[in-house]
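Worksheet: one structure, shown below.
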Amino acid sequence: MSRRPIAEDDLHAYVDQALEPERRAEVASYLADHVDVAERVAAFAAQREQLRDALASITDEPLPAALNLSRIIESRKRRPSRVWAAIAALLLLGLGGLGGWTMRSLLPDRSSGLSALAQEAAYSYGVYAPDRVRPVEIRASDSAELTQWVSNRLKQPVKVPDLAVSGYRLMGGRLIATSHGPAAMFMYDDDHGNRLVVLTRPMSNPDQATPMLPQSTGDVAGFAWADRGMGYTLVGQLPADTLKPIANEIRKQAGPI
């Protein structure tokens, strides 16, 4: 068995039967030890089968002639040139009015990177925070190893925030696979059983520096920001006014190394 952590992508690939045999065995073993996650995966599988059953009646139907690629190409070749001239004229008339808005829509949304980061943190929280057996890959007692490991994988020096002043102690952390590359996840808890997740990873060029913004996904809320090319997000099932001072403490500690 490898030590590569089970991520959300692995769970969906497991449902879709898209994993290599060895990886599928690892996920199956993980689910056997994590009943709550196994229930989520079972729900995914049930939804998949419902969709297959609902669409089964049309899967064997022939492709409509109107959607046949060769017929579409032939039809376009036969259109009179005046049709294209009319279309071009309409486009020119609308270009002035719509051009500015179109260009605006093509510009990158500076908040989209933070939204993706916060969503990744919320997904990680949903998978690992309820886990009472192995919520982290490397425990706080091996924090030096954890820091070195995630820094090597992210190819950036990473600090593990100290949230003792906020009443939270480090439980440990793990690497998380995201569509934007690996991310470092750190988990904390307090004396009341509340858990928090801090997720950090390198950001794309438009998100090199972005102010702190509130984020929420379902019942998980938090704050996300970017500084000097690194994105940070804090999430948990606590009110925003409770999380914000903790997020500010993380931002203060995440200065240059």
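The values are calculated or read from the model by the stated rules, or taken from the named source; none is laboratory data. These figures come from a predicted structure and were not determined experimentally. A quick note on method: Cβ atoms are made from the backbone with ideal geometry, for glycine too, and the neighbour counts reach across all protein chains shown. Note: areas computed on protein heavy atoms with side chains; ligands, DNA, RNA excluded. Shrake-Rupley method; radii C 1.70, N 1.55, O 1.52, S 1.80 Å.
Summary table below
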item: Residue satisfying all of: in segment 213-226; at pLDDT below 90 and open to solvent by less than 50 Å² (accessible area, probe 1.4 Å); nearest to ASP131 (Cα to Cα) among these; result: THR217
item: Residue identified as closer than 15 Å to LEU163 by Cα and buried (at least 18 other Cβ atoms within 10 Å of the Cβ) among MET187, MET203, MET230; result: MET187
item: Subset tally (residues that are assigned to a strand (DSSP E or B), within 20 Å of SER151 (Cα to Cα) and in contact (Cβ under 8 Å) with a residue 40 or more places away in the chain) for segment 187-205; result: 7
item: Matching residues, segment 19-50, being more than 23 Å from ARG132 (Cβ to Cβ) and surrounded by 12 or more Cβ atoms within 10 Å (Cβ to Cβ); result: LEU19, ARG23, ARG24, ALA25, ALA45, ARG48
item: When residues of segment 141-164 are limited to those that are among the charged types (D, E, K, R) and more than 18 Å from GLN253 (Cβ to Cβ), the one most open to solvent (accessible area, probe 1.4 Å); result: LYS155
item: Residue check for PRO182: closer than 21 Å to GLY113 by Cβ and either open to solvent by 50 Å² or more (accessible area, probe 1.4 Å) or in contact (Cβ under 8 Å) with a residue 24 or more places away in the chain (or both); result: yes
item: Check on VAL133, surrounded by fewer than 17 Cβ atoms within 10 Å (Cβ to Cβ), under 22 Å from ASP10 (Cα atoms) and of a type in the set (Val, Ile, Thr); result: yes
item: Residue, farthest from TRP149 (Cα to Cα), within segment 206-253, restricted to residues that are among the charged types (D, E, K, R) and out of contact with any Lys or Arg (no Cβ under 9 Å at 6 or more places or on another chain); result: ASP241
item: Residue satisfying condition, being of a type in the set (Asp, Glu), modelled with pLDDT under 90 and over 20 Å from PRO130 (Cβ atoms), within set ASP207, ASP162; result: ASP207
